[in-house]
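Peer 1: One structure, pasted below without further comment.
The values are calculated or read from the model by the stated rules, or taken from the named source; none is laboratory data. Quantities reported herein were computed from a predicted structural model and do not represent experimental measurements. Cβ placement follows ideal geometry from the backbone for every residue including glycine, while neighbour counts extend to all protein chains displayed.
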Amino acid sequence: MVPWREAMDSALYGAGGFFVRHAPADHFRTSATASPLFATAIATLVARVDAALDRPDQLDVVDVGAGRGELLLGLAATLPNEVRERARFVAVERAERPDDLPEWVEWRGDPPREITGMLLATEWLDNVPLNVAEADDTGEPRQVLVDARTGAETLGGAMAPEDAAWLKRWWPLTDPGARAEVGATRDTAWVNAVRTVRRGVALAVDYGHVAQARPVGGTLAGYRDGRQVSPVPDGARDLTAHVAFDAAAAAGEQAAGAASQLLDQRSALRSLGVIGARPSLELASEDPRRYVRELASATQAAELIDRHGLGGHYWLVQPVRVAVPLG
């Protein structure tokens with residue numbers, strides 16, 4: 001039995017790990033793969049960042065946890081030509097470069113060290129490995145250990161000092177049997193990502209929670225073939241846990257020296273032009289083809305802004321030496 005962080009790291013990113021062998025889009029639906037409207041909205045934000053930066057000679061657009069490059073391809077197809085011509089598209093991923101990815105998309109294992117532009121992290125932080133804690137019979141948080149083959153769990157020893165400090169501040173456990181996912185590693189990952197931005201914006205989009213609404217029992221789950229399965233760290237499934245966004249925001253603000261903005265995807269996308277309004281019935285008779293196109297677009301937009309689905313994502317917007325508000 002090993003701590004969850006170790007088990008997740010091996011199962012997701014080790015030799016033969018899930019994200020090394022599998023394309024995420026084959027197993028679960030994300031905003032980037034659900035509709036081209038998501039890329040269109042992000043392109044609008046990228047253009048705003050570009051303008052705020054006074055249109056630099058090179059505009060970096062970096063996607064951390066890029067899957068197979070779907071979002072970057074969507075952005076390249078949507079950005080205004082004047083922006084597209086100056087953009088440097090960088091995919092950051094552990095898997096091998098896809099054979100059919102265009103040469104103009106740079107493929108890396110780590111983000112560039114100095115970004116002028118935009119760093120995107122859509123549904124990445126939820127896959128950053130973390131430890132799991134559970135309060136024992138005395139209410140003391142202890143590390144949860146897991147069998148990598150079966151997913152069976154047992155309580156281990158006391159939490160490491162950094163994990164214990166994180167729990168005390170962000171997710172206190174007092175009742176016996178209460179569980180929490182320790183977000184210290186996510187905070188560190190986000191800080192490291194923000195620090196690569198010399199000037200621009202870092203954006204994290206993910207399922208998450210804040211202190212007022214921590215999920216009872218945690219959110220650790222597995223996904224495979226489009227459905228939720230038991231979170232067994234065997235390398236055959238995605239392992240995910242929602243992000244404690246208030247903790248990540250505080251860490252990012254300290255790294256950037258600037259306030260961040262935290263809002264839900266519904267609000268963020270609406271501010272970027274994704275409304276989801278159905279076309280009028282009159283259009284069906286006046287221009288049937290246009291009606292069908294607009295109805296399809298409205299249906300896709302509705303999925304992206306549905307608060308009980310993808311619209312429930314949080315958007316964490318961290319500016320670095322530039323002002324680009326949303327909403």
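Peer 1: What's the number of the only condition in (1) loosely packed, with under 14 Cβ neighbours inside 10 Å; (2) modelled with pLDDT under 60; (3) among the small types (G, A, S) that G327 fails to meet?
Peer 2: So the condition that G327 fails would be (2).
Peer 1: If you don't mind, another one. So, W166, is that one more than 15 Å from the chain's Cα centre (by Cα), part of a helix (DSSP H, G or I) and surrounded by 16 or more Cβ atoms within 10 Å (Cβ to Cβ) or not?
Peer 2: yes
Peer 1: In this structure, does D225 turn out to be within 19 Å of Q318 (Cβ to Cβ) and not small (G, A, S)?
Peer 2: Taking the combined requirement at face value, the residue does not satisfy it.
Peer 1: Return a yes/no flag: does the range 169-180 have any residue that is part of a helix (DSSP H, G or I) and over 20 Å from A11 (Cβ atoms).
Peer 2: yes
Peer 1: Residues in the range 184-202: is at least one assigned to a loop (DSSP other than H, G, I, E, B) and under 26 Å from A249 (Cα atoms)?
Peer 2: yes
Peer 1: So which residues in the range 62-99 are among the aromatic types (F, W, Y) and surrounded by fewer than 22 Cβ atoms within 10 Å (Cβ to Cβ)?
Peer 2: Hits for the range 62-99: nothing passes.
Yes/no per residue for (1) modelled with pLDDT of 95 or more; (2) in contact with an Asp or Glu (Cβ under 7 Å, 6 or more places away or on another chain); (3) buried (at least 19 other Cβ atoms within 10 Å of the Cβ):
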position: P233; (1), (2), (3): yes, no, yes
position: G252; (1), (2), (3): yes, no, yes
position: S297; (1), (2), (3): no, no, yes
position: L310; (1), (2), (3): no, yes, yes
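Peer 1: Still on this model: Filter the range 1-54 down to residues that are within 17 Å of G109 (Cα to Cα) and either more than 17 Å from the chain's Cα centre (by Cα) or at pLDDT 75 or above (or both), then give me how many there are.
Peer 2: 13
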